[in-house]
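For reference, the structure discussed in these notes is given below.
The values are calculated or read from the model by the stated rules, or taken from the named source; none is laboratory data. The model shown is predicted, which means the values in this text are computed figures rather than measured ones. Here the Cβ positions follow ideal geometry from the backbone for every residue, glycine too, while neighbour counts run over all protein chains shown. Accessible surface is based on the protein model in full, side chains and every heavy atom, while ligands, DNA and RNA are left aside. Shrake-Rupley method; radii C 1.70, N 1.55, O 1.52, S 1.80 Å.
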Amino acid sequence: GLRALGEGDIKKIVALSTLRQLGIIVLAVGIGCPLLAFFHLIAHAFFKALLFVGVGNLIHAAARFQDLRVIGDYQPGLPFTSSILVVAKGSLCGLPFFSGFFSKEAVLEGLDLASRAGLVLWVSMALGGLLTQLYSLRVVLKVMLALVAHQPLGGAQDCDRPTHIAM
């Protein structure tokens, strides 16, 4: 999480966030909940794939720039892609009513807080979740601020096809 906070490459940020999710999966298996680990794996895989597709479209539209610090200067407004990134990041951060929330909450409930190890694992998961939310918020804000800054008056397009057809 700390590495992703300082990273500038948007693809690396997305890839580094996978390590924390793998930690949650291993923790779920470790507390004796393999089905919960599988549920978290499937939910994570779906939204991570969605995130990679959205980031790929963003990089393509930004003239192949991957650096988050300069991507806002070159990125045209992409409302559909931006909304996909927000939804995928929301699920991966564990926002309520997303699948990531339910799987992470169930892992937290499965920890035995009466034991010292359970409390340490719970605190480390909470800190890891906070770091995930911080670097995800950084990506989402950068993408959304670029969307607002580059939004044309007539609306932005998420594809390269013309908005009208001459007859």
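Some points to look at:
- Condition met for residue 54 (open to solvent by 30 Å² or more (accessible area, probe 1.4 Å) and out of contact with any Asp or Glu (no Cβ under 9 Å at 6 or more places or on another chain)): no
- Given (1) modelled with pLDDT of 80 or more; (2) over 17 Å from the mean Cα position of the chain (by Cα), number of the condition residue 46 does not satisfy: (2)
- The residue that is nearest to residue 40 (Cα to Cα), among those in segment 99-127 that are of a type in the set (S, T, N, Q) and either open to solvent by 70 Å² or more (accessible area, probe 1.4 Å) or in a helix (DSSP H, G or I) (or both), is 103.
- Considering segment 75-128, the residues that are touching a Lys or Arg at 6+ places or on another chain (Cβ under 8 Å) and closer than 21 Å to residue 49 by Cβ include one that is modelled with the highest pLDDT, namely 88.
Quick grid of which residues meet (1) closer than 23 Å to residue 99 by Cβ; (2) not hydrophobic (A, V, I, L, M, F, W, C):
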{"position": "13", "(1), (2)": "yes, no"}
{"position": "20", "(1), (2)": "yes, yes"}
{"position": "23", "(1), (2)": "yes, yes"}
{"position": "34", "(1), (2)": "yes, yes"}
{"position": "61", "(1), (2)": "no, no"}
{"position": "66", "(1), (2)": "no, yes"}
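- Count - residues of segment 1-22 that are under 15 Å from residue 93 (Cβ atoms) and over 14 Å from the mean Cα position of the chain (by Cα): 0
- Annotation: residue 139 fulfils all but one of (1) within 13 Å of the chain's Cα centre (by Cα); (2) at pLDDT 80 or above; (3) open to solvent by less than 70 Å² (accessible area, probe 1.4 Å); the unmet one is (2).
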